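Chemist: Encoded as structure tokens, here's the structure I'll be asking about.
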Amino acid sequence: MMIHTNPDELNELIRLTALLSEIYEQPITLTNFEDDSIIFASKRFSLMTGFESDPESLEQTFTYFDLIHPKDIDITSEINQNGKKILANTFKQKPFAKAFMTYNIKIRQRGDEYKPMKIIVKPIAFEKDGTPKYKVATFLPIVQKGYQRFALYTESNGGNELYYSSLRRKFVEHETIELKPIEIELLRLTSRGHREVQIAKKLDIKVDLLRYYKRNVYKKYHVCNMTEAVYIALFYELI
């Protein structure tokens, strides 16, 4: 952690980013906290995406948003802005706090193929008042699907992860992301292999209304299909 970075200190952060990338064998970038511009990209990141960073020029206009799948950009941008406010307030209150954000989204690879990845973002340098100035982003492969796509960890929340609710447009504790009883039953019946028409009949509702409840589940858990929604429900023992 460094406070009040000058050019020499920024160069040290660049060297540290490159070193961490090789130690952990993962693509890592150093970015501006405020505008998300990429200041430095490790060789592993360049090999993965085709983006080349110029260490001699500390002014980059390229951001990782340029690599995000078009369908993920709006929600990621919304979550990014909300998360940065929480992180900024956290570090102002406690300069050496442990806090970071995670994004599970599709990132463009070399050759224009999009691949699901987990991005862990952690502030590493700060202004005098504790406001984050730079952050590192580590790009990891996703080995499981169906969990919360966006999360924020901060000690100020008692060490609990916060999850982003599209309905409330803010980060909330998992316990507050509640499903209606009929949505839970929908997930339970789906997990048992029942199809839409069968589920609608058992719940005594029309198929159109059933699909409405499905869309609500998708929004609450940031998923695109019932398979991932069922995974979350099973993981948190909702069904």
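Here is a yes/no grid of residues against (1) out of contact with any strand residue (DSSP E or B) (no Cβ under 7 Å at 6 or more places or on another chain); (2) without any contact (Cβ under 8 Å) to a residue 12 or more places away in the chain:
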position	(1), (2)
Ser165	no, no
Glu173	no, no
Leu187	yes, no
Arg195	yes, yes
Lys206	yes, yes
Asn216	yes, no
Cys224	yes, yes
Thr227	yes, no
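Chemist: Evaluate the following for Phe91: is it modelled with pLDDT under 95, under 22 Å from the mean Cα position of the chain (by Cα), within 30 Å of Lys220 (Cβ to Cβ) and in a helix (DSSP H, G or I)? Quick ask: steps written out before the conclusion?
Modeler: Numbers: modelled with pLDDT under 95: yes; under 22 Å from the mean Cα position of the chain (by Cα): yes; within 30 Å of Lys220 (Cβ to Cβ): yes; in a helix (DSSP H, G or I): yes.
Answer is yes for this residue.
Chemist: Hey, does the stretch 127-146 have a residue that's surrounded by 16 or more Cβ atoms within 10 Å (Cβ to Cβ), under 14 Å from the mean Cα position of the chain (by Cα) and modelled with pLDDT under 90?
Modeler: Yes, there is a match, as at least one residue in the stretch 127-146 is surrounded by 16 or more Cβ atoms within 10 Å (Cβ to Cβ), under 14 Å from the mean Cα position of the chain (by Cα) and modelled with pLDDT under 90.
Chemist: So, in the stretch 94-120, exactly how many residues are at pLDDT below 90 and among the small types (Gly, Ala, Ser)?
Modeler: 2
Chemist: Sticking with this structure for a sec: Could you tell me whether any residue of the stretch 73-84 is touching a Phe, Trp or Tyr at 6+ places or on another chain (Cβ under 9 Å) and assigned to a loop (DSSP other than H, G, I, E, B)?
Modeler: No, because not a single residue in the stretch 73-84 is touching a Phe, Trp or Tyr at 6+ places or on another chain (Cβ under 9 Å) and assigned to a loop (DSSP other than H, G, I, E, B).
Results for (1) modelled with pLDDT of 95 or more; (2) crowded, with 16+ Cβ neighbours inside 10 Å; (3) of a type outside the set (Gly, Ala, Ser); (4) under 25 Å from the mean Cα position of the chain (by Cα), shown as yes or no for each residue.
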| site | (1), (2), (3), (4) |
| --- | --- |
| Gly159 | no, no, no, yes |
| Tyr164 | no, yes, yes, yes |
| Val172 | no, no, yes, yes |
| Glu178 | no, no, yes, yes |
| Leu189 | yes, yes, yes, no |
| Ile199 | yes, yes, yes, no |
| Leu210 | yes, yes, yes, no |
| Tyr221 | no, yes, yes, yes |
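Chemist: List every residue pair whose Cβ atoms sit under 7 Å apart, with the two residues 6 or more apart in sequence or on different chains, where the first one lies in the stretch 24-35 and is under 10 Å from Tyr134 (Cβ atoms) and the second, anywhere, is of a type in the set (Gly, Ala, Ser) and in a strand (DSSP E or B).
Modeler: Matching pairs, first to second residue: Thr31/Ser37; Thr31/Ala137.
Chemist: Based on this model, can you work out whether Phe45 counts as more than 17 Å from Leu140 (Cα to Cα) and more than 17 Å from the chain's Cα centre (by Cα)?
Modeler: On the way: more than 17 Å from Leu140 (Cα to Cα): no; more than 17 Å from the chain's Cα centre (by Cα): yes.
No: the conditions fail for Phe45.
Chemist: Something else about it: Please give the number of the condition Ile105 fails out of (1) buried (at least 18 other Cβ atoms within 10 Å of the Cβ); (2) part of a loop (DSSP other than H, G, I, E, B).
Modeler: Exception for Ile105: condition (2).
Chemist: Return the only residue of Phe62, Phe33 being at pLDDT below 90, assigned by TED's automatic domain parsing to the domain that holds Phe150, over 14 Å from Phe139 (Cα atoms) and aromatic (Phe, Trp, Tyr).
Modeler: From the options Phe62, Phe33, the qualifying one is Phe62.
The values are calculated or read from the model by the stated rules, or taken from the named source; none is laboratory data. Bear in mind that the values here come from a model prediction, so they are computed numbers and not experimental data. Ideal geometry is used to build each Cβ from the backbone, glycine not excepted, and the neighbour counts take in all protein chains shown.
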